[in-house]
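Every number here is computed from the coordinates shown, using simple stated rules; none is lab data. Being a predicted model, the structure only gives us computed values, none of them experimental. Quick reminder, even Gly has a Cβ in these numbers, built from the backbone with ideal geometry, and neighbours come from all protein chains shown.
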Amino acid sequence: MTPDWRMGGPVLWELVFDPAILRVRCRAAWRDGELRWLTPRLPERLRVLDVAPLRNEVDLTLSGFAYPKDAAKTRGSVSVEVGEVRRLVAVSGPRVATVKEGAFAVSHPAAFERLPLQRMHAYGGESAEVAYPRNPLGKGFILAGVDGEFELPELEEAEDLLTDSRLIVPTADDWWRQPLPATFDESSAIDFPRPMSSLLVAPASRGSVESEPRLPELRTGDLTPGFRVEDGGARHFLNAVPMRSRLAAFRPGDPFAVSGCDADGKTWAGKMPRVPGIELELEGSRRDVDLHVQSVELATAEREVRVTMGFDVPLPRPFLPGLHKRIPISVRLEGHEPIAYPTPPTLRDLRVSNNKETRHA
């Protein structure tokens, strides 16, 4: 059945049936050791991951800006260290490649004040109506035979730069040889390699990569060796960041450090926060539940650690929104009053209401 979910305070609710499951998601932020609950994203902006089943690995993202380090304000770098995650990304000011009949010239980086840590500034984009599967929103993907001026990426993995020898992509089938996009935010559900999962069927145009043993995603662990498109092979579809940005587990107290995201050049360092307590009340019976961290956002501009958490609890009997007039479920978030599940109107109530409106019309 299609999940039914509602919002109540800082809680995102979802009821899934067959079997009956209560699924709860909540978001919190820590700043200077203080906890505050965040309002969930609006329905039209919800990411799949906020309402999907719990995942085993924790997504780590960065938000904010990169700042230049050199005197000319044309270059910088961003590094992040959390648990097993160690990333170094090279940052440059805007550059343009001018291509004509196979020859090209690349401009020097221009000065910049700050650069958003967003995927449109990483390698990718479209060329001749062919999208770069790893990051269609980026820039710098240039197919052979296409002339013009092209913006180049400002965010690049330090060990996977866009060199002159890789600037022009010989054919559309050679896209996999290009740099991995230096993204700090989440990917789309259709960005490679996420579609290489048994949950989705990958487009046929990408099927040729399954026979290529030199795919970088095999080295990074994003794809399993010997994968086949029809069987899946991505680890895992529910995660929206590559393996290089995933934590095997969330460990409160683990140190983290981020550099390159402060206008004054300061390093932001701290520790992963504790997981708050949450109590579930179900038909008058109370129980503590274990919150599982799903994603961690290091918001560098605000210096906040934002965490999405969730839990699943089997229900003793199915509750059917639209049929049951009252669904006696509530949760008590740490330091807050209980928040009851906002039972939607029953189908009968809606029918009565619609009939009344029709008679008054």
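Brief remarks follow.
- Here GLU151, GLU159 are placed in order of increasing Cβ neighbour count within 10 Å, fewest first, which gives GLU159, GLU151.
- The chain - Debye-derived log10 I(q)/I(0), Cα point model, q = 0.13, 0.14 Å⁻¹: -1.08, -1.18
- Listed from fewest to most Cβ neighbours within 10 Å, the set HIS324, HIS121, HIS108 follows the order HIS108, HIS324, HIS121.
- Amide H contacts of GLU84 (H built 1.01 Å from N, under 5 Å, at least 5 apart or other chain): ALA248
- Tensor-based shape of region 215-361 (alpha-carbon gyration tensor, a/c under 1.5 rounded, otherwise prolate or oblate): prolate
- Folded to 0 to 90 degrees: helix 347-360 orientation relative to the chain principal axis, Cα: 90 degrees
- One chain, two ends: ALA158 and ALA110. Fully extended at 0.36 nm per residue, the span grows by 15.4 nm beyond their Cα-Cα distance.
- Neighbourhood net charge (11 Å Cβ-Cβ; Lys/Arg +1, Asp/Glu -1) for VAL89: -3
- Separation between Cα centres of region 136-175 and region 257-274, rounded to whole Å: 31 Å
- Taking Lys and Arg as +1 and Asp and Glu as -1, the other residues whose beta-carbon sits under 13 Å from that of PRO328 total +2.
- Taking a point 7 Å from the Cα of ARG332 along the Cα-to-Cβ direction, the residues of region 248-292 with backbone N closer than 14 Å to it are 277-289.
- Distances between placed amide hydrogens fall under 5 Å for ILE339 paired with VAL331, ARG332, LEU333, all partners being 5 or more residues away or on another chain.
- Across the chain, the relative contact order, built from alpha-carbon pairs under 8 Å that are at least six residues apart, equals 21 percent.
- Each 5 Å bin from 0 upward holds the following percent of the Cα-Cα pairs of region 51-188: 2, 10, 19, 22, 18, 14, 9, 4, 2, 1, 0.
- In terms of distances greater than 20 angstrom between alpha carbons, the cross-link table entries LYS69/LYS271; LYS73/LYS266; LYS73/LYS100 yield LYS69/LYS271; LYS73/LYS100.
- Computed Kirkwood radius, in angstrom, where 1/r is averaged over Cα pairs of region 73-137: 14.2 Å
- Contour excess over end-to-end distance, with Cα ends at GLU101 and LEU88 and 0.36 nm allotted per residue: 1.2 nm
- Percentage, to the nearest whole number, of Cα pairs in region 308-357 over 16 Å apart: 57 percent
- Cross-link partners of LYS325 among lysines (Cα-Cα below 30 Å; sequence separation of 8 or more within a chain): LYS356
- As a proxy for reagent exposure, LEU180, LEU38 were ordered by neighbouring Cβ count within 10 angstrom, fewest first; the result is LEU38, LEU180.
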